[in-house]
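J.: Sharing a structure with you now.
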Amino acid sequence: MKKENALRELLIEEMRRIYHAELQLLKALPKMTKAAQSERLKEAFEAHLEETESHVERLERAFESMNEQAKPKNCQVVQMLLDGLVDSIAEHKEGVMCDAVILCGMAKVEHYEIAAYSTICTWCDLLGLDEASDLLKETLDEERTAEETIIEITESEIDLEGEGGDGENDANE
């Protein structure tokens, strides 16, 4: 029983971290939308903002199903990723390179979220927390789809030839 209690404590701690991460994203996504150059990227961020609101709600429901309070615990990883992204945007304020750094930064955040949700879903399953598991698996699926969207946008929107030359000469300058 000690291991089960310890795992539950870890689960709650990680859920609180991802809860904080999602709350950070609610603040960051409008800024990313504003900085994005591509209309497709702007639309993707607007859609992901709505999904992120749902992620927060699902986490709150998962906490409730476990008779726990939804209290955020500082998620330094996502904060560092977002801070780095803000710095990169400041260096590459416009054009295709701005979108490239935004896509890279957001891909890093999605990878973190996928890792976190995968782990906490597994722990919920191990602890028999079916309602929480079902809620969080829905979010995990959406995070995986968001990652796929980032890859698709990167492949289709990062046009090296359309911005200031043929791409080859730019790399050699």
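J.: Calculate, for Asp87 and Ile114, the FRET efficiency according to 1/(1 + (r/R0)^6) with r their C-beta to C-beta distance and R0 22 Å; round to the nearest 0.05.
T.: Numbers: r = 24 Å, r/R0 = 1.08.
Taking R0 as 22 Å, the efficiency between Asp87 and Ile114 is 0.40.
J.: Shifting gears a bit: Going down the list Lys31/Lys71; Lys71/Lys108; Lys3/Lys108; Lys27/Lys137; Lys27/Lys73, which pairs span over 21 Å between their C-alpha atoms? Display every interim value, and only then the final one.
T.: Working: Lys31/Lys71 24 Å; Lys71/Lys108 24 Å; Lys3/Lys108 32 Å; Lys27/Lys137 23 Å; Lys27/Lys73 16 Å.
Check vs 21 Å cut-off fails for Lys31/Lys71; Lys71/Lys108; Lys3/Lys108; Lys27/Lys137.
J.: Using the heavy atoms of the protein chains alone and a 1.4 angstrom probe, what is the accessible area of the range 6-86 per residue in square angstrom?
T.: Numbers: 4240 Å² over 81 residues.
Heavy-atom SASA per residue in the range 6-86 reads 52 Å².
J.: Provide the FRET efficiency to the nearest 0.05 for the Glu94-Glu50 pair, computing r from the beta carbons and using R0 = 25 Å.
T.: It comes out at approximately 0.45.
J.: Name the residue farthest towards the positive end of the dipole of the chain from the options Ile89, Val101, Ile114, assuming +1 on Cβ of Lys and Arg, -1 on Cβ of Asp and Glu, about the Cα centre.
T.: In the chain, that residue is Ile114.
J.: Let me ask something else. I'm a student and want to see the number: the projected area of the Cα convex hull of the chain, averaged over all directions, in nm². Before the final figure, lay out each step's value.
T.: Working: hull surface 42.2 nm².
Here the figure is 10.6 nm², rounded to one decimal.
J.: With +1 assigned to the C-beta of every Lys and Arg and -1 to the C-beta of every Asp and Glu, and no other charges, what is the dipole magnitude of the range 74-130 about the Cα centre in debye, to the nearest 20? Provide the component values of the computation, followed by the final result.
T.: On the way: 2 positive and 9 negative charges, 16 e Å.
So the magnitude is around 80 debye.
J.: Still on this structure, please answer the following. Using a simple charge model, +1 on the beta-carbon of Lys and Arg, -1 on the beta-carbon of Asp and Glu, nothing else, what dipole does the range 37-102 show about its Cα centre, in debye to the nearest 20? Provide the component values of the computation, followed by the final result.
T.: Values: 7 positive and 15 negative charges, 47 e Å.
Approximately 220 debye in magnitude.
J.: A further question follows. Within the chain, which DSSP H helices have Cα atoms that stretch 20 Å or more along the helix axis and a mean Kyte-Doolittle hydropathy of at least 0.0? Can you show the working numbers first?
T.: Working: long enough: 2-35 (49 Å, -0.52); 39-65 (39 Å, -1.15); 76-91 (23 Å, 0.84); 96-126 (45 Å, 0.89); 130-157 (39 Å, -0.94).
For the chain, where a helix must reach 20 Å along its axis and average at least 0.0, the hits are 76-91, 96-126.
J.: Straight-line reach only, C-alpha to C-alpha below 16 angstrom: list the lysines that Lys2 could link to, leaving out same-chain residues fewer than 8 apart.
T.: none
J.: Using a Gaussian network model on the chain with a 10 Å cutoff between Cα atoms, which of Glu147, Glu43, Glu51 fluctuates the most?
T.: Among Glu147, Glu43, Glu51, the largest mean-square fluctuation in the Gaussian network model of the chain belongs to Glu43.
J.: In addition: Counting only C-alpha contacts under 8 Å and six or more residues apart, can you give the relative contact order of the chain as a whole percent?
T.: On the way: 177 pairs, mean separation 46.1, N = 173.
For the chain, the relative contact order is 27 percent.
J.: Please list Leu103, Leu10, Leu81 from largest to smallest accessible area, probe radius 1.4 Å, with all protein chains kept in place. Provide the component values of the computation, followed by the final result.
T.: Working: Leu103 5, Leu10 80, Leu81 45 Å².
The residues order as Leu10, Leu81, Leu103, largest area first.
J.: Quick check for me: using +1 on Lys/Arg Cβ and -1 on Asp/Glu Cβ, what's the dipole size of the range 57-163 about its Cα centre, in debye to the nearest 20?
T.: Numbers: 8 positive and 27 negative charges, 132 e Å.
Taking the Cα centre of the range 57-163 as origin, the dipole is about 640 debye.
The values are calculated or read from the model by the stated rules, or taken from the named source; none is laboratory data. All of these numbers come straight from a predicted model, not from anything done at the bench. Using ideal geometry, Cβ is built from the backbone for each residue, glycine included, and neighbour counts are taken over all protein chains shown. All accessible areas refer to the heavy atoms of the entire protein, side chains included, with ligands and DNA or RNA removed. Shrake-Rupley method; radii C 1.70, N 1.55, O 1.52, S 1.80 Å.
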